[in-house]
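The values are calculated or read from the model by the stated rules, or taken from the named source; none is laboratory data. Bear in mind that the values here come from a model prediction, so they are computed numbers and not experimental data. Here the Cβ positions follow ideal geometry from the backbone for every residue, glycine too, while neighbour counts run over all protein chains shown. The accessibility values were calculated without ligands, DNA or RNA, using every heavy atom of the protein model including side chains. Shrake-Rupley method; radii C 1.70, N 1.55, O 1.52, S 1.80 Å.
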Amino acid sequence: MIKPLKLSLSSVVTAIPEHVCSDLNGEIVILNLKSGTYFGLNETGALVWNLIKNPKTVDQLRTAILDEYEVEDEVCDRDLTALLQALVEQNLIEVTNAEATQTVD
């Protein structure tokens, strides 16, 4: 089991290149070429996925979500952390500098 991420606002998130993705009416389906598994993302997840094709900090992702959707900060933080955890577990992203002191929970 992968241990839970300890994210900071300065943690950098990047999509791992060993995948194929397709946009399906605003949602995204990702095929991990190494494992052969599919992973689906809703509209908000698709926004994050498109942003992390190039390295982005958690703070940049958080700001983009808050700018795009009417959501409370705490809900955004919780859902973003859960999404990033799921993407790590599926080996679809890399997170660096994840052990900093200011965490997002």
Skip the ligands, DNA and RNA, and give the accessible area per residue of the chain with a 1.4 Å probe, whole Å². 61
State whether segment 23-67 is rounded, prolate or oblate according to the following rule on the C-alpha gyration tensor (a ≥ b ≥ c being the square roots of its eigenvalues): a/c under 1.5 gives rounded; otherwise a/b larger than b/c gives prolate, and the remaining case gives oblate. oblate
What's the carbon and sulfur percent of the chain's accessible surface, probe 1.4 angstrom, rounded to a whole number? 50
Loop-located GluC sites (Glu not before Pro) in segment 1-97, at most 14 other Cβ atoms within 10 Å (DSSP): Glu18, Glu70, Glu72
